[in-house]
Amino acid sequence: MDRNDYYGGESTSLNLVQLWKKFRGSENPPSNLGSSRDYNVDMMPKFIMANGALVRVLIHTDVTKYLYFKAVDGSFVYVKGKVHKVPANDMEALKSPLMGIFEKRRARKFFVYVQNYDENDPKTHEGMDLTRVTTRDFIAKFGLDDNTVDFIGHSLALHRDDRYLDEPALDTVKRVKLYAESLARFGGSSPYIYPLYGLGELPQAFARLSAVYGGTYMLNKPECKVEFDEEGKVMGVTSEGETAKCKKVVCDPSYLSNKVRKVGKVARAIAIMSHPIPNTNDSHSVQIILPQKQLGRRSDMYVFCSSYSHNVAPKGKFIAFVSTEAETEHPETELKPGIDLLGPVDEIFYDIYDRYEPVNEPSLDNCFISTSYDPTTHFESTVVDVLNMYTLITGKVLDLNVDLSAASAAEE
């Protein structure tokens with residue numbers, strides 16, 4: 001059941017008229033922006049790591065037969081006021097203007113160590129126990145400077161802030177390996193893929209798959225009140241005087257607001273443009289990460305851009321998003337470092353929304369509530385939440401050892 005008249009809730013993609021209605025309160029966007037139905041503007045824009053957990057989940061469920069993916073052109077990082085392509089292996093590191101000649105040699109040693117590292121083969125550990133050594137101490141062994149650490153930690157390992165430096169290094173090494181494996185998978189210039197027609201395709205594809213297995217989807221159901229028995233266990237969901245009976249409820253935080261707590265806010269901007277983002281090699285789809293330290297903030301800022309090449313806008317139009325964990329109530333001011341990278345925009349919308357996480361005990365009430373989306377431009381943290389929910393609901397751990405080549409038809 002969904003209170004909206006479209007699939008996907010907060011992770012839907014809107015056409016231009018829907019976008020205008022949401023942010024401008026009218027249904028008449030200017031005609032110079034092109035046809036409304038050529039737009040598929042993601043409300044939670046995220047790229048998919050080519051070798052990551054989400055691809056494995058999509059293959060495992062066989063939902064890939066309803067989806068077509070295309071590689072993302074580029075992955076960039078903001079360092080010392082400039083946008084640089086993220087070097088993702090030892091060869092790229094040697095060519096990168098991010099580092100001086102001596103730093104490149106040190107970085108190359110780091111990449112070679114990570115590429116050779118095998119958790120089950122002590123010979124590759126070089127005497128370090130990465131379950132104990134902190135990331136800070138691990139990186140210190142290679143003598144890397146702060147800017148290099150910044151791009152490794154934030155644009156390769158995709159950490160959202162600097163807490164990882166005091167946590168065991170194994171997680172960071174695995175994340176950098178995943179980035180390198182994802183990059184190699186396409187031989188492209190980024191490790192990310194993204195569905196044609198936008199992320200709204202994901203919930204629609206699952207709705208179709210659900211129907212194949214006898215599932216029923218009800219859109220446009222107002223209120224959706226969750227009903228409980230005298231023991232506080234869920235027994236159904238009521239809308240328009242009818243109750244659908246059930247033993248378990250899975251929902252996002254907006255349907256059970258008394259069982260969640262606020263954990264933060266996200267500030268974001270959505271821009272429609274007539275050109276690619278400057279300094280990104282004319283990339284038609286791109287991610288730029290602005291590490292917190294580079295901006296003097298407590299958390300990173302993210303820029304995401306997609307365009308007509310992924311069928312999310314009319315020919316010649318680009319959609320850019322800037323998002324971050326809000327530290328003030330003023331998104332226009334707070335997002336300025338990211339917006340300044342975009343160049344001229346045709347239209348821009350600002351938005352600030354709260355993030356929630358569940359505080360209920362699912363074993364007592366049988367309610368399984370997801371955590372709100374974070375401001376990152378990739379899915380890795382979201383998938384962890386979904387897999388944890390799967391285990392709580394079914395009591396099983398999903399086996400993600402799948403044949404990744406099953407997604408290859410979609411890639412092409």
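The values are calculated or read from the model by the stated rules, or taken from the named source; none is laboratory data. Every value quoted in this text rests on a predicted model; they were computed, and no experiment measured them. Cβ: placed from backbone, ideal geometry, glycine included. Neighbour counts: every protein chain shown. Accessible surface areas use protein heavy atoms only, side chains included; no ligands, DNA or RNA. Shrake-Rupley method; radii C 1.70, N 1.55, O 1.52, S 1.80 Å.
Each pair of Cα atoms in the range 204-253 enters the Kirkwood radius, and Stokes-Einstein at 10 °C and 1.306 mPa s then converts it into a translational diffusion coefficient of 129 µm²/s. What's the angle, to the nearest 10 degrees (0 to 90), between helix 380-394's Cα axis and the longest principal axis of the chain? The angle comes out near 50 degrees. Dividing the convex hull volume of the alpha-carbon atoms in the range 279-354 by its residue count gives 104 Å³ per residue. Roughly how tilted is helix 101-116, in degrees to the nearest 10 and between 0 and 90, from the longest Cα axis of the chain? Its long axis makes an angle of about 60 degrees.
Shown for the range 1-154: the carbon plus sulfur share of the solvent-accessible area, taken with all protein chains present and a 1.4 angstrom probe, equals 46%.
Residues Y217, Y356, sorted by accessible area with the largest first, give Y217, Y356 [1.4 Å probe; ligands and nucleic acids excluded]. Simple point charges give the picture: +1 on the Cβ of Lys and Arg, -1 on the Cβ of Asp and Glu, and for the range 1-121 a dipole about the Cα centre of about 600 debye. Accessible area per residue for the chain, computed on protein heavy atoms with a 1.4 Å probe, is 47 Å². Taking amide hydrogens as placed 1.01 Å from N in the peptide plane, the amide H of Y6 sits under 5 Å from those of N220, each at least 5 positions away in sequence or on another chain. For the range 2-92, GluC sites (Glu not before Pro) are listed when DSSP marks them as loop and at most 15 other Cβ atoms sit within 10 Å of their Cβ; the list is E27.
Taking the radius of gyration and the Kirkwood hydrodynamic radius from Cα positions alone, what is the Rg/Rh ratio for the chain, to two decimal places?
Here the Rg-to-Rh quotient is 0.97.
Each residue of the range 36-47 was assigned a 3J(HN,Hα) from its phi angle through the Karplus expression (A = 6.51, B = -1.76, C = 1.60, θ = phi - 60°), giving 4, 6, 7, 9, 10, 8, 5, 7, 10, x, 8, 8 Hz with x at Gly and Pro.
For V250, the amide hydrogen comes within under 5 Å of the amide hydrogens of F368, counting only partners 5 or more places away or on other chains and with H modelled in the peptide plane. Note on Y255: accessible area is roughly 40 Å² with a 1.4 Å probe, heavy atoms of protein only. Relative to the current alpha-carbon distance between K123 and Y197, full extension at 0.36 nm per residue lengthens the span by 22.0 nm. Averaging the sequence gap over all C-alpha pairs within less than 8 Å and six or more residues apart, then dividing by the number of residues, gives the chain a relative contact order of 23 percent.
For K80, the solvent-accessible surface with a 1.4 Å probe is about 150 Å², rounded to the nearest 10.
Provide the percentage of antiparallel DSSP beta bridges, counting only those with both residues in the chain; round to the nearest 5. For the chain, the DSSP antiparallel bridge percentage is about 85.
Rolled with a 1.4 Å probe across the full set of protein chains, the surface gives D403 an accessible area near 100 Å².
Between 0 and 90 degrees, the angle of helix 169-186 with respect to the longest Cα principal axis of the chain falls at about 80 degrees. Charged side chains reduced to their Cβ positions (Lys and Arg at +1, Asp and Glu at -1) give the chain a dipole of some 740 debye around its Cα centre.
Within the accessible surface of the range 204-284, defined with a 1.4 Å probe on protein heavy atoms only, the carbon and sulfur portion equals 48 percent. With a Förster radius of 25 Å applied to the C-beta separation of N258 and F23, the computed FRET efficiency comes to 0.30.
Projecting the Cα atoms of L295, L130, H84 onto the dipole axis of the chain, where Lys and Arg carry +1 and Asp and Glu carry -1 at the beta carbon, places H84 farthest toward the positive end.
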